[in-house]
Structure formats: C-alpha cells, structure tokens
Amino acid sequence: MVEVVVELEKCTGCAHCRDVCPVNVFELKPRDQFPDVVDDPAVGAKFQFRGEKSLVIHGPDCIVCEACLFECEGECITIKDDEGKVHNSTYK
Ligand code: SF4
Ligand code: SF4
C-alpha cells in the first residue's frame, strides 16, 4: 500500500498538491485545527504560510504520478510506493 506523509510544520498551505493531484489524495483543513504544529522558521523565511495546512486523507489512493512532489513549496511530502521506494518532494 502506498504511504503519503506530509511534514505539517513545513507545509505552507499553498494548496499546490491538492490542485495537481489527479486522485484527490489531499484535503486542506484550517490551520487552527493543528494546534500542536509549530511553523518551521526556515520555510517561513522563504514562503508565506497561508491560513490552511494540508492533510493527507486518501494516501492509499496515490498512483505515484509525482506531480505533487514537484509542486510542493515546503518540500514536505514523502511518498513510499508499493515496493518500498521513497520519493521526496523537490520544489523547483
Ligand atoms: S504522487 Fe500521489 S499524492 Fe502526489 S499528485 Fe500523484 S497521485 Fe497525488
Ligand atoms: S504542496 Fe506542500 S506546502 Fe503546499 S499545501 Fe501541499 S503539502 Fe503543503
């Protein structure tokens, strides 16, 4: 089963992952629903944190198209495919 993990402290809430994912893996939730998450200052210095963070709710549906990995501002998405290979996000 494919695993999709987001490091929420690095997620800027840019919504790029949600917008590009063809199988709707990502759903955005209001930031105040994550009271324990502290924004990463290194990411904050580069990007503006939006009023929302992303939450993964349908990780097993992921078809590993990698579209989200190229669009993730916070470089905070990691995907482990069926063969155990790990795919990391690299924002360009
Ligand atoms: S790699 Fe998976 S989670 Fe990312 S956009 Fe493609 S299907 Fe969606
Ligand atoms: S693309 Fe990355 S930074 Fe943007 S909302 Fe998705 S997980 Fe967060």
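Where a number appears in this text, it was derived from the coordinates with a stated rule and is not lab data. Computed from a prediction, not measured in an experiment: that's the story for all the values here. Every residue, glycine as well, gets a Cβ built from its backbone with ideal geometry; the counts of neighbours run over all protein chains shown.
A few notes on this one:
- Hull volume in cubic angstrom per residue (convex hull over the Cα atoms of the chain): 89 Å³
- Furthest towards positive pole of dipole, C14, P35, A67, structure part the chain, Cβ charges: C14
- Under a 5 Å amide H cut-off, with hydrogens placed 1.01 Å from N, L55 pairs with E27, L28, K29 among residues at least 5 apart or on other chains.
- The length gained on full extension between V5 and D81, counted as 0.36 nm times the residue separation minus their Cα-Cα distance, comes to 26.2 nm.
- Order by protection proxy (mean Cβ within 10 Å, highest first), peptides 11-23, 32-44, 49-61, 67-79: 67-79, 11-23, 49-61, 32-44
- Taking Cα centre as origin and charging only the Cβ of basic (Lys, Arg, +1) and acidic (Asp, Glu, -1) residues, the dipole magnitude of the chain rounds to 240 debye.
- Distance from the alpha carbon centroid of the stretch 1-49 to that of the stretch 64-92 works out to 13 angstrom.
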